[in-house]
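Below: one structure, written as structure tokens.
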Amino acid sequence: MNREEALVNNFQTVQAALAAACQRSGRRLQDITLLAVTKYAQDQDVLTLLEKGLIRHVGESRVQQALSRWTRPDFARFDTVKHFIGHLQKNKAAKAAQLFDFVDSLDCPETAHALERALPPGKTLRALVQVKLTDKDTQSGLALPQARPLARELKKTLSGVRVCGYMAIAPQGAAQEELRALFRSVKQAFDEDFPAGEERYLSLGMSQDFETAVEEGSSLPRIGSKLFAENLEGL
């Protein structure tokens, strides 16, 4: 198996796992959007999946690195939906507003308003408020009791930035019961704050826990290593 075949196989494995999670939980696969986390992936690996039409939503966590990649002609020719998934500093908001279609990690009103001021005329930027599910000081986001008022405030006060959901990262190595409880708490808040019928996204789950996240309601799982690291060593 060459590298291209391994990448396609990885994608097919992820799709099969998503389909199985949907079947177990009574959901429809077409309601799940795969967010391919490209931030650490090799350029050619990303291009391979783009050229085959297998990915469209892509996630980056560094503004300057993303700019240098996605403004290059070989990347810019693709119709991608670009998500910023890292901690966004206020001084990077202007560049982020130019490049990205989504900012999935809002956690302060100042950054949200900086994005709004920097938007090109006529552009709508989707945004998710990041919910913090751990006690780690190094992790960004807000605990649910703080995230929910921020989401409600920004929905009312912003126009070009459309706040339409929550993103959360589960603790590494959490037991299955803890994972489900954490995901369910965010899903309950999501359903109350972003009612069905409006544009909305719930981004839960990464490569190690995306199946559980989808079973618990995630519509935008973030998959990186399962696509771009597994089965590629030595190829």
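The values are calculated or read from the model by the stated rules, or taken from the named source; none is laboratory data. Not measured: the values here are computed from a predicted model. Don't worry about glycine lacking a Cβ; one is built from the backbone with ideal geometry, like all the others, and counts go over all protein chains shown. These area figures cover heavy atoms from the full protein model, side chains too; ligands, DNA and RNA do not enter into them. Shrake-Rupley method; radii C 1.70, N 1.55, O 1.52, S 1.80 Å.
Close amide H contacts of Tyr201 (hydrogens built in the peptide plane, cut-off under 5 Å, sequence separation of 5 or more or a different chain): Gly165, Tyr166.
Computed FRET efficiency, Cβ-Cβ of Glu51 and Ser140, R0 35 Å: what is it to the nearest 0.05?
The formula returns an efficiency of 0.60 here.
Taking Lys and Arg as +1 and Asp and Glu as -1, the other residues whose beta-carbon sits under 12 Å from that of Asp79 total +2.
In the chain, the alpha-carbon atoms span a convex hull of 132 Å³ per residue. Spread over its residues, the convex hull of the C-alpha atoms of the range 101-175 is 94 Å³ per residue. Pairwise Cα distances in the range 47-187 exceed 27 Å for 26 percent of all pairs. Scaled against the 2.2 N^0.38 Å expected of a compact globular protein of N residues, the Cα radius of gyration of the range 43-125 reads 1.11.
The length gained by stretching the chain between Ala19 and Gln176 to full extension, at 0.36 nm per residue less their Cα-Cα distance, is 54.6 nm. For Glu199, neighbours were defined as the other residues whose beta-carbon sits under 12 Å from its Cβ, and their charges (Lys and Arg +1, Asp and Glu -1) total +3.
Look at where the Cα atoms of the range 12-60 and of the range 150-195 average out, and the two centres are 21 Å apart.
How about the range 132-222: which GluC sites (Glu not before Pro) there lie in a loop by DSSP and see at most 12 other Cβ atoms within 10 Å? Those satisfying the criteria are Glu198, Glu199.
Backbone phi angles across the range 114-130, fed through the Karplus curve with coefficients 6.51, -1.76 and 1.60 (θ = phi - 60°), yield HN-Hα couplings of 5, 4, 4, 5, 8, 5, x, x, x, 8, 10, 10, 6, 9, 10, 8, 7 Hz in residue order; Gly and Pro are listed as x.
Accessible surface computed residue by residue for the chain, with neighbouring protein chains in place and a 1.4 Å probe, gives 47 Å² per residue. Nonpolar atom fraction for the chain, defined as the carbon and sulfur part of the 1.4 Å probe accessible area, stands at 47 percent.
Charge tally for Ser159 (other residues, Cβ to Cβ under 14 Å; Lys, Arg +1; Asp, Glu -1): +4. Per DSSP H run of at least 4 residues, take -39500 (n - 2.57); add these up for the chain, divide by its residues and hand me the 222 nm value, nearest 500 deg cm²/dmol. Calculated mean residue ellipticity at 222 nm is -13000 deg cm²/dmol.
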